[in-house]
Amino acid sequence: MKNNFSLKFNIFDILIAILAILISVSSIIIVNYKANSNGDRIINIQYQNTSIAKINYDELKEDMVYVIKKEDYPDLYGDFTVEISIDKGVRVHNITCPNHTCEKYGYISKKGKSIVCIPNGVIVSIESESIDDVISVG
C-alpha cells in the first residue's frame, strides 16, 4: 500500500503562512492605534467605585500632584498621593497601606491602563471619554 502523505511545503503553504502573519500584525497595529487615538486621555481617580476627580492629561501644561486626604475619606490608611508627570505619566507614591503593591506599577500613560490600591479602595485609570465633566488644569 502506497502512502500519498507528504510533509513537504509548497509555495501555497508559505503564502498562507505569510498572509496569516501579516493579518495578525496589522490587526495588532490597528487595535493599538485606535486605542490611542480616540480623544484625549482622561485620568479618572476613583475611591470605592465613585469617581472623585477627572483630569485631562493631554491638556496639562505642567506636572501636578493630586492628594486624596484621609480627613476627607476616613477609610484610607493615610493620604493618597497621585503624581502626574507630563513626560512620564501617572503614578502613585508615598502610599500608606500594608503592601505598597500599587506603587510598584510605576508610571502609566496609555488609555486602558490602571493602578489599583485594594486596601485603600482607590483606582487611578487612564480613559478616553467626552470632556464634559473634566477638571481643566493649566
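In table form, for the structure just shown:
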quantity: Relative compactness, segment 42-127, computed as alpha-carbon Rg over 2.2 N^0.38 Å; calculated: 0.99
quantity: Distance in nm between pseudo-label sites at residue 101 and residue 116 (7 Å out along the Cβ direction from Cα); calculated: 0.8 nm
quantity: Which of 14, 123, 42 has the fewest Cβ neighbours within 10 Å, and the rest in rising order; calculated: 14, 123, 42
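Bear in mind that the values in this text are calculations on the coordinates, not laboratory data. All values derive from a computational prediction rather than experimental measurement. A quick note on method: Cβ atoms are made from the backbone with ideal geometry, for glycine too, and the neighbour counts reach across all protein chains shown.
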